[in-house]
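*Asks:* My structure is below; once you've seen it, I'll send some questions.
Read-outs throughout are calculated quantities, based only on the coordinates presented, and are distinct from any laboratory measurement. If you're wondering where the values come from, they're calculated on a predicted model, not measured in any experiment. Heads up, the Cβs are rebuilt from the backbone with ideal geometry, glycines too, and the neighbour counts pull from every protein chain shown.
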Amino acid sequence: MQGLLFTPAFELKSAQMSLMVLAVRRFDLDQLQIEISQHVAKAPALLKNAPVVLDLGQADPKPTAHQVTNLLMRTQVAGLRVVALVADAIGEPLAHAVGLPALTVGPRRKKSDEAPAKPTEAEAAAAPTAPEIPATPDANPGAEAAPQEPAEDAPAEPVAVPPLLLPGPIRGGQQIYAKGRDLIITGAVSAGAEVAADGCVHVYGRLSGKALAGAAGDVRARIYCLSFGPELVSIAGNFKVFESAPREIAGKAVEIYLNEGRVDVRPLKA
Amino acid sequence: MGEVIVVTSGKGGVGKTTTSASLACGFARRGKKIAVVDFDIGLRNLDLIMGCERRVVYDFVNVINGDCSLKQALIKDKRFDNLSVLAASQTKDKDALTQDGVAKVIDELKSEFDIVLCDSPAGIERGAFFAMYFADRAVVVVNPEVSSVRDSDRVLGIMSSKSRRAEQGQTAVKEHLLLTRYSPERVERGDMMSIGDVEEILGVKVIGVIPESPEVLSASNSGVPVILDENSDAGQAYTDAVARLLGDTVPMRFLDAKKKGFFQRLFGS
């Protein structure tokens, strides 16, 4: 061990980080700035100054290096820090041009693209992908609609994060947030209560308050409840307000999911 | 050690003080040694309903401030030897309540009495908070209407997360609902929520239903808690509620036909 004789001033270590990808669909600088600001304003504690990787692979129209520099500034003003570009055919040359590193997104990225709920279209949604992250809510089977083979090419089998399990009822005025995991409530959620999770939200009782799944931006997160009657449901910041529950789903056991960027509710078959 | 029972609701005007006075007399009539404490500092009412307003010399705040002993401040009821009233202060405000001060008074009362009944003010601020903080059981007074139910839900939430039992990780405060100003006819017509509606929304069992009754007002005005009026429906319903709180099994009365309620009609099923 050389350390016994000589301690180097630095160490190069391998580390895995979880980063959000800002996938641009429509390259409209003004619109992007507005939508990103709004998105950050919804969850400032989580998103304000969060580092993101810019994905221009789907951007339409294709931006020039000058426009990308402009976007970097606007993104920062809107509250997100672009730290790198996704290294694809479009991103790599642009990354060089604007002086940022180009990052290759890990194999799990593909899986997230295949996920049933497509990321918000025509919106700069901060779709969370999980390049080589162990232990994120997306490792949870509940997040996937279709049973999928565990990603064989994933570096290491992620360890499941236990959900936050609470007995109900959650009463009006109470706020619950399950950070980085699913939330399970074995009881009712009263009107005026708020339950949120970065993963899925399960309510084994009547849901009368507000429920927010994918609070950190996971568009695959879903909400389940035994009796539907919420004031508001939200998935990855896409929300829907119910003045009164539609007759065909009121009081029913339902699944709430994101369908092409829109919050959809469907009854669970018995 | 005595048991602390809070009478609370969140919303004002639903009948907390009327209920506190009647339950206190009911427990006393069943032979329990009981103290009833008015937590509505600045707006004291319990002494009026109990008919002892002319005999208030010292009050709750005086005891906390050490101006007098607890014994000096407790007013013995003229009808029941085993019933005492601790009045609220009319001149101070609710900031006069301190956690240590209230804790000391409650603990002293618990060592002296079988039941310490805390009459909570409306709202969820200091007075209401301290009234429920030390509770072992709670009687949540609800009117069968949406705003009262919502406020009760809020209070139940605060109790389950912020009471002393919750903070110390003991078994939760035992919750009971007491439905007041219940009108079976209006429930039947569908313009008042039914017992089932309220129980379903709040997820707590109803321990008593007090029918809307003109005797309640006249009893309050004359300083004789309505439970002592054996001829009134409300008085008998309170007697039943006291029995249930003491563990007896008593069938519900004054409910009439059980028809579909307001919400059930609205949403079907």
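*Asks:* Compute the longest continuous run of chain B that contains no exposed trypsin sites (Lys or Arg not before Pro); treat a site as exposed when its DSSP state is not H, G, I, E or B and it has at most 12 other Cβ atoms within 10 Å.
*Replies:* B:79-204
*Asks:* Other chains near A:190-200: what is the mean number of their Cβ atoms within 10 Å of each residue's Cβ?
*Replies:* 2
*Asks:* Given labels modelled 7 Å from the Cα in the Cβ direction, how far is it in nm from B:GLU125 to A:ALA102?
*Replies:* Label-label distance for B:GLU125 and A:ALA102, simple model: 6.4 nm.
*Asks:* Let me ask something else. If I fit a long axis through the Cα atoms of helix B:99-112 and take the longest principal axis of the Cα atoms of chain B, what angle between them do I get, 0 to 90°, rounded to 10?
*Replies:* 90
*Asks:* Is there a pair in A:LYS48/B:LYS162; B:LYS71/B:LYS94; B:LYS78/B:LYS205; B:LYS32/B:LYS78 whose C-alpha atoms are over 24 Å apart, and which pairs would that be?
*Replies:* From A:LYS48/B:LYS162; B:LYS71/B:LYS94; B:LYS78/B:LYS205; B:LYS32/B:LYS78, over 24 Å: A:LYS48/B:LYS162; B:LYS78/B:LYS205.
*Asks:* Below 14 angstrom from the Cβ of A:VAL189, what's the summed charge of the other residues (Lys, Arg +1; Asp, Glu -1)?
*Replies:* Residues close to A:VAL189 contribute a combined charge of +1.
*Asks:* With runs of 4+ DSSP H residues as the only contributors, calculate the mean residue ellipticity of the protein assembly as shown at 222 nm using -39,500 (n - 2.57) per run, divided by the residue total and rounded to the nearest 500.
*Replies:* Result for the protein assembly as shown: -8500 deg cm²/dmol, rounded to the nearest 500.
*Asks:* Mark the label point 7 Å from the Cα of A:PHE239 along Cα→Cβ and return the residues of segment A:199-225 whose backbone N is within less than 17 Å of it.
*Replies:* The answer is A:199, A:201, A:208-219, A:222-223, whose backbone nitrogens lie closer than 17 Å to the label point.
*Asks:* Check A:VAL189: other-chain or 5+ apart residues with amide H under 5 Å from its amide H, H built from backbone geometry?
*Replies:* Counting only residues 5 or more places away or on other chains, the set is A:ILE170, A:ARG206, A:LEU207, A:SER208, A:GLY209.
*Asks:* Pull up all non-local amide H partners of A:ALA196: gap of 5 or more, or a different chain, and H-to-H distance under 5 Å with H placed in the peptide plane.
*Replies:* When sequence neighbours closer than 5 places are left aside, the close amide H contacts are A:ILE176, A:TYR177, A:ALA178, A:LEU212.
*Asks:* A further question follows. Just tell me how shielded A:162-173 is by partners: mean number of partner chain Cβ atoms within 10 Å of each residue's Cβ, no decimals.
*Replies:* Working: counts 0, 0, 0, 0, 0, 2, 1, 8, 4, 13, 11, 11.
Counting other chains' Cβ atoms within 10 Å and averaging over A:162-173 gives 4.
*Asks:* Which three lengths, in whole Å and largest first, does chain B cover when its Cα atoms are put on their principal axes?
*Replies:* Rounded to whole Å, the extents work out to 59, 41, 33 Å.
*Asks:* Between A:ARG247 and B:GLU145, what is the label-to-label distance in nm when each label sits 7 Å out along the Cα-to-Cβ direction?
*Replies:* Calculated label separation equals 2.9 nm.
*Asks:* Next question. Per 20 Å bin from zero, what fraction in whole % of the C-alpha pairs of the protein assembly as shown is there, up to the bin with the longest pair?
*Replies:* That works out to 20, 38, 26, 15, 2, in percent per bin.
*Asks:* Using modelled amide H (1.01 Å from N, peptide plane; none on Pro or chain starts), what sits under 5 Å from the amide H of B:ARG181, excluding residues fewer than 5 places away?
*Replies:* Those lying under 5 Å, H to H, from B:ARG181 are B:ILE210, B:GLU212.
*Asks:* Name the trypsin sites (Lys or Arg not before Pro) in segment A:1-71 that are in a loop by DSSP and that have at most 10 other C-beta atoms within 10 Å, would you? Mind dumping the intermediate values first?
*Replies:* On the way: sites: A:LYS13, A:ARG25, A:ARG26, A:LYS42, A:LYS48; in loops: A:LYS13, A:ARG25, A:LYS48.
Passing sites in segment A:1-71 are A:LYS13.
*Asks:* How crowded by other chains is B:200-207, given as the mean number of beta carbons from other chains within 10 Å of each beta carbon?
*Replies:* Going residue by residue through B:200-207 and averaging, the value is 3.
*Asks:* Now for a different question. To the nearest Å, what is the center-to-center distance of segment B:23-54 and segment B:172-208, using C-alpha atoms only?
*Replies:* 25
*Asks:* Can you list the residues of segment B:155-184 with backbone N under 12 Å from a point 7 Å past the Cα of B:LYS205, pointing along Cα to Cβ?
*Replies:* Label zone hits: B:175-177.
*Asks:* Next question, about the same structure. Just grab the label-to-label distance for B:LEU246 and B:ASN65, each label 7 Å out from Cα along the Cβ direction, in nm (one decimal).
*Replies:* Each label point is offset 7 Å from its Cα along the Cβ direction, giving 3.8 nm.
*Asks:* On full extension of the chain, what length is gained from A:ALA87 through A:ASP60, given 0.36 nm per residue of separation minus the C-alpha to C-alpha distance?
*Replies:* 8.0 nm
*Asks:* Mind checking the log10 I(q)/I(0) for segment B:57-117 at q = 0.18 Å⁻¹? Debye, one equal scatterer per Cα, no solvent, two decimals.
*Replies:* Calculated log10 I(q)/I(0) at the listed q: -0.62.
*Asks:* Calculate the FRET efficiency for B:MET1 and B:ARG54 from the Cβ-Cβ distance with a Förster distance of 30 Å, rounded to the nearest 0.05.
*Replies:* Working: r = 33 Å, r/R0 = 1.10.
The computed FRET efficiency comes out at 0.35.
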